[in-house]
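Inspection log for the structure reproduced underneath, given as structure tokens.
The values are calculated or read from the model by the stated rules, or taken from the named source; none is laboratory data. Quantities reported herein were computed from a predicted structural model and do not represent experimental measurements. Backbone-built Cβ (ideal geometry, glycine too); neighbour counts: all protein chains shown.
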Amino acid sequence: MLATGQGATAGDYILVTEGLTKAFGGFCAVSEVNLKVRRGSIHALIGPNGAGKTTCFNMLTKFLNPSRGRIVYNGRDITAAKPADVARLGLVRSFQISAVFPHLTALENVRIALQRKRGDSFDFWRSKRVLDQLNDRASELLADVGLHEFANVAAGEMSYGRKRALEIATTLALDPQMLLLDEPMAGMGHEDVERAAALIKRVSANRTILMVEHNLQVVANLSDTITVLTRGKVLAEGDYSSVSKNPEVRQAYLGVGHD
């Protein structure tokens, strides 16, 4: 596990927030959140119902603008940036290229994401050589997420867990430095959860991952650092061992359902 804040320099952190706050009218959903995500780590954002996780995550991915505070990615202030601009910088939210196209094959879905990265709406007029290059890279990405044998299967015919893996493949097509995963295990059965956890671990090589996740067993097994939110504020931060023993964290979770 990584120890946060001990001997670290500014360059060790790929994403930093300073006083991140979001108010809706008189209600403050997120208040003065200072978050530091180490480069190359898997960092989990957790908390009980109403903790502000989703609001915080939406500000980081630029789907919400903060009421005040600052977001710095790779040393660059992105507080006022648009989601598409942030994605071009290498900060990509999984499933941001909306849900998979059910009537297209897995290979075709990934190729669309590759075309988007090239800045082309369509490549119909391109040479066969260019199209073959896209197919080759799409095949590599499918292999990376364990879907090589499903390349020619329509996405709509895949299991839910494999569709989520395909969505991650489309995200990886954008060559992100940092992935933001919003509840990657939601709706999955036990077998799919194990497969998805192994996939996240595999694709984390040479990347940073920040995830909001409710499955605490997954969080325990994958995360280097965990930030616990409650009532819009940071309650605790550290590795799973230290966070799980924190009496305030245990009290916050006791008898409280997840959102």
Conditions: (1) among the polar types (S, T, N, Q); (2) in contact with a Gly (Cβ under 8 Å, 6 or more places away or on another chain); (3) farther than 23 Å from Arg39 by Cβ. Asn206 meets all but one. Number of the miss? (3)
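Within region 130-143, how many residues turn out to be under 17 Å from Arg164 (Cβ atoms) and surrounded by 17 or more Cβ atoms within 10 Å (Cβ to Cβ)? It would help to see each step written out before you state the result.
First pass over region 130-143, keeping only residues under 17 Å from Arg164 (Cβ atoms): 141-143.
Filter again for surrounded by 17 or more Cβ atoms within 10 Å (Cβ to Cβ), leaving 141-142.
The number of residues fulfilling the criteria is 2.
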Given the conditions (1) touching a strand residue (DSSP E or B) at 6+ places or on another chain (Cβ under 9 Å); (2) assigned to a loop (DSSP other than H, G, I, E, B); (3) surrounded by fewer than 16 Cβ atoms within 10 Å (Cβ to Cβ), every one holds for Arg70 apart from (2)
Do any residues in region 177-188 that are part of a strand (DSSP E or B) have Cβ atoms under 9 Å from those of residues that are of a type in the set (Ser, Thr, Tyr) and at pLDDT 90 or above, where the two are at least six apart or on different chains, and which pairs are they? Met178/Tyr73; Met178/Thr208; Leu179/Ser204; Leu179/Thr208
Per the list (1) within 24 Å of Tyr13 (Cα to Cα); (2) of a type in the set (Val, Ile, Thr); (3) modelled with pLDDT under 90, residue check on Val193 breaks on (1)
Hits in region 238-256 - residues which are in contact with a Ser or Thr (Cβ under 9 Å, 6 or more places away or on another chain) and modelled with pLDDT of 90 or more: Gly238, Asp239, Tyr240, Val243
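Can you tell which of Asp224, Asp192 is more than 23 Å from Cys56 (Cβ to Cβ) and either surrounded by fewer than 20 Cβ atoms within 10 Å (Cβ to Cβ) or in contact (Cβ under 8 Å) with a residue 40 or more places away in the chain (or both)? Give the derivation first.
Values: Asp224 fails: more than 23 Å from Cys56 (Cβ to Cβ).
Going through Asp224, Asp192 in turn, the sole match is Asp192.
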Counting only residues in region 73-104 that are of a type in the set (Val, Ile, Thr) and assigned to a loop (DSSP other than H, G, I, E, B), the one farthest from Leu210 (Cα to Cα) is identified as Val100
Residue among Ile78, Ile112, Ile97 that alone is closer than 23 Å to Arg207 by Cβ, out of contact with any Cys (no Cβ under 7 Å at 6 or more places or on another chain), at pLDDT 90 or above and among the hydrophobic types (A, V, I, L, M, F, W, C): Ile78
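Hey, among Gly19, Gly52, which residue is under 13 Å from Val234 (Cα atoms), of a type outside the set (Val, Ile, Thr) and buried (at least 22 other Cβ atoms within 10 Å of the Cβ)? Steps first, please.
On the way: Gly19 fails: buried (at least 22 other Cβ atoms within 10 Å of the Cβ).
Result: Gly52 is the single residue among Gly19, Gly52 that is under 13 Å from Val234 (Cα atoms), of a type outside the set (Val, Ile, Thr) and buried (at least 22 other Cβ atoms within 10 Å of the Cβ).
Criterion first (hydroxyl-bearing (Ser, Thr, Tyr), in the same structural domain as Val228 (by TED's automatic domain parsing) and closer than 21 Å to Ser244 by Cβ) does Ser31 satisfy it? Even if it seems obvious, please write down each step before you answer.
Details: hydroxyl-bearing (Ser, Thr, Tyr): yes; in the same structural domain as Val228 (by TED's automatic domain parsing): yes; closer than 21 Å to Ser244 by Cβ: no.
No, not satisfied.
Is region 86-96 home to any residue that is under 19 Å from Asn34 (Cα atoms) and not small (Gly, Ala, Ser)? Break it down into steps so the answer makes sense when it comes.
Kept after step one, since they are under 19 Å from Asn34 (Cα atoms), are these residues of region 86-96: 91.
Among the residues that remain, those that are also not small (Gly, Ala, Ser) are: 91.
Yes, region 86-96 has at least one match.
Keeping to region 34-64, report how many residues are in a strand (DSSP E or B) and touching an Asp or Glu at 6+ places or on another chain (Cβ under 9 Å). Before the answer, list the steps.
Initially, region 34-64 is screened for residues in a strand (DSSP E or B), giving 36-38, 42-46.
Keeping just the survivors that are touching an Asp or Glu at 6+ places or on another chain (Cβ under 9 Å) gives 36, 38, 42-46.
So the count comes out to 7.
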Only one of Ile200, Ile209 that is under 28 Å from Thr21 (Cβ atoms), touching a residue at least 60 places away in the same chain (Cβ under 8 Å) and touching a strand residue (DSSP E or B) at 6+ places or on another chain (Cβ under 8 Å): Ile209
